[in-house]
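*Asks:* Just dropping this structure here.
The values are calculated or read from the model by the stated rules, or taken from the named source; none is laboratory data. Just so we're clear, the structure is a prediction, and the values are computed from it rather than from any experiment. As a convention, Cβ positions derive from the backbone with ideal geometry for all residues, glycine included, and neighbour counts pool all protein chains shown. Calculation scope for accessible area: heavy atoms of the full protein, side chains included, ligands and nucleic acids excluded. Shrake-Rupley method; radii C 1.70, N 1.55, O 1.52, S 1.80 Å.
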Amino acid sequence: MLVRLKGTDARLKSGPIKLYRMLALLMAVFTLLSMAFMEQEVSASEINSYIYYRNGESPNDYYPVPAPSPYNYIKSIYAKDIGADNLYKANSMFVSDRYIYISSGNSIIITDHDFNTRHIITSIKDENGVQELTDINGLFVTEDEELYACEPQKGRVLHFNSDWTIKRILGRPEGIVINENVSYQPLKIVVDSVGRMYIVANNIYEGLVELNVDGSFSRYFGVVEVKYTPIELFWRSIQTEAQRARSGDWLPVNFTNIVIDKDDFVYATVAESGVEEEEPIRKLNAKGTNILRYPKSTGTYPKGDLYVNKHGQNIPKGNSMLTAVDINDYGIYIVLDSKRSRIFAYDEDGYMLYAIGESGTTTGRFKIPVDIRFLGEDKLLVLDRGNMSIEVFELNDYGRSIHNAVKYQAESDYRAAAEEWKKVIDFNPMFQYAYVGIGKALYRDGDHELAQQYFRLGQDVDYYSEAYKKTRQEFISDNFGAFVLIIAVLTIISIAVKFIKRINADKKLDGGISA
């Protein structure tokens, strides 16, 4: 049997409506408090963290409420700590099973997981002699510890052996469909399990560039539809074909960053192109189709902040600008909002788990964050070009319970997940998804009536409906005999009434004849 959370189940059974109203009242109070500091730079040393609380049926009925931070600040790593000259041109970071790789200007810095420097690459040597590196950007490392590095200014990708000697140089891909006047500038790269490469390239808006193992062009992958404003549509309608072809030179890059998971699904962030981007995070399958999940009952797609300022001065306005992404082994993916210096975490079903961070110069805040990476089970790294540092955070008990719950759910161990979600509620009773997680365990354990109450607290309409159907079916099944008996009795009574009415009618008829 499922071990229940003491007190919570009893309250739900005795008065679920009362508890629900209490949570709604707390949500209103926290909302007022959160709105006071959401867009302000706070001088306190605590890490800013919040979740979204849903209070209604509309996708717009989400409100930010303060929450405990899932991470504690550990330390900042500066250039001098890792033997580098500086990090003011830091662009990208990658964490392999053995090392941490950081690109900064003309160098690639390689450290172990304790930030002890193992190697620094500043040049390559091939048949043409020694070449100095220039403005290295995206990095990727295979399971065999072979390193790929984008060098956009020279239009190439550098492929290193596991001993960090150059293996090959991949220039402009053979067969690529691109205007001759457009330079090929690879920015970010991932490599799948068979060696195919997927590249975010500057000046290319048809999608990700997919390369074969030999480096030749294969296709454009995960094509993002280019969107135009009404004014742009008007001007394009009166342009000649030559003018339309040239207009591609100024169209913005749609993809901003990519990562690949253990099953070769590519996660990518997408920049807005003049209008609101409805799906700024993509999970691309082998066909390049976006299969990222989101809660159907809410209709809310993962996109960073849901509650943003549309107007105002000296504050960030509009939707989040997602520029980096990473994913761990059990489906938690994080995205970086460079507009507000925030990090958002989601599970594989698209539920937001937490948001942390803000702009600032004090401990635990970021100036110009450019990349984020998980380090092992517990740590999070943020590459901050503005602070010229790598900010190191570690999961605390609250954050560890969230991650453990998601991990157990991914392993279909819903009972263990429920125990972790109960710990989360102890820290944060406003965490609606925790109630959904407990409801899932109760549902699978056969306690559909109590699961129904948890789904209600979690505002998950779909799961609530499923639990309601099961509860109704169980009620009918448990009382089937009584229903049959009642129907039988009513049938007998109906027949008896008709029989009596017929006898009475015959008596009246006989009496009339005798008279």
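*Asks:* I need to check one value: relative contact order of region 361-505, counting alpha carbon pairs closer than 8 Å and at least 6 residues apart, in percent. List each step's numbers first, then the result.
*Replies:* On the way: 153 pairs, mean separation 15.4, N = 145.
Rounded, it is 11 percent for region 361-505.
*Asks:* Next question. Carbon and sulfur: what percent of region 352-502's accessible surface (1.4 Å probe)? Display every interim value, and only then the final one.
*Replies:* Values: 3890 of 6840 Å².
Looking at region 352-502 in its full context, I get 57 percent from C and S.
*Asks:* Kirkwood hydrodynamic radius (Cα pairs, Å) of region 317-386?
*Replies:* On the way: mean 1/r = 0.0809 Å⁻¹.
It is 12.4 Å.
*Asks:* Still on this structure: If you roll a 1.4 angstrom probe over the protein chains with everything in place, what fraction of the accessible area of region 103-209 belongs to carbon and sulfur, to the nearest %?
*Replies:* Roughly 40 percent, rounded to a whole number.
*Asks:* K317 versus Q239, label points 7 Å from Cα toward the beta carbon: distance in nm?
*Replies:* Roughly 2.7 nm, to one decimal.
*Asks:* Which value results when the Cα radius of gyration for region 321-362 is divided by 2.2 N^0.38 Å?
*Replies:* Numbers: Rg = 10.8 Å, N = 42, 2.2 N^0.38 = 9.1 Å.
With N residues counted in region 321-362, Rg over 2.2 N^0.38 Å equals 1.19.
*Asks:* On full extension of the chain, what length is gained from A505 through A271, given 0.36 nm per residue of separation minus the C-alpha to C-alpha distance?
*Replies:* Details: separation 234, 0.36 × 234 = 84.24 nm, distance 8.43 nm.
Result for the pair: 75.8 nm of gain on full extension.
*Asks:* What's log10 of I(q)/I(0) for region 53-159 at q = 0.14, 0.20, 0.21, 0.22 Å⁻¹, Debye sum over Cα points only, no solvent?
*Replies:* -0.65, -1.02, -1.11, -1.20
*Asks:* Also: Taking θ = phi - 60°, what integer Hz values does the Karplus form 6.51 cos²θ - 1.76 cosθ + 1.60 yield along region 366-377, in sequence order, with x for Gly and Pro?
*Replies:* 10, 9, 9, x, 10, 7, 9, 8, 6, 10, x, 7
*Asks:* Also, quick follow-up: Subtracting the Cα-Cα distance from 0.36 nm times the residue separation, let me have the gained length for N161 to L375 in nm, one decimal.
*Replies:* Values: separation 214, 0.36 × 214 = 77.04 nm, distance 2.27 nm.
Full extension of this stretch gives 74.8 nm more.
*Asks:* Which value, in Å² rounded to 10, gives the accessible area of K469 with a 1.4 Å probe and all protein chains present?
*Replies:* Rounded to the nearest 10, that gives 90 Å².
*Asks:* Is any residue of region 79-97 close enough, with backbone N under 20 Å, to a label point placed 7 angstrom from the Cα of T134 along the Cα-Cβ axis, and if so, which?
*Replies:* Zone members listed by number: 88-92.
*Asks:* Follow-up question, since we're still on this one. Using every Cα-Cα pair within region 277-319, state what percent have a distance larger than 14 Å.
*Replies:* Working: 544 of 903 pairs.
Result: 60 percent of Cα pairs exceed 14 Å.
*Asks:* What are the chymotrypsin sites (Phe, Trp or Tyr not before Pro) within region 81-135 that DSSP puts in a loop, where the Cβ has at most 13 other Cβ atoms within 10 Å? Please report the intermediate quantities before stating the final value.
*Replies:* On the way: sites: Y88, F94, Y99, Y101, F115; in loops: Y88, F115.
Loop-located and lightly packed - Y88.
*Asks:* Moving on. At 7 Å along the Cα-to-beta-carbon direction for both E449 and E46, put a label point, then send me their distance in nm to one decimal.
*Replies:* Placing both labels 7 Å along Cα→Cβ, they lie 4.0 nm apart.
*Asks:* Collect residues whose amide H, placed 1.01 Å from N in the peptide plane, falls under 5 Å from the amide H of I74; neighbours closer than 5 in sequence don't count.
*Replies:* V392, F393, E394
*Asks:* Let me ask another. Starting from the Cα-Cα distance between N106 and I487, subtract it from 0.36 nm times their residue separation and give me the gain in nm to one decimal.
*Replies:* 128.7 nm
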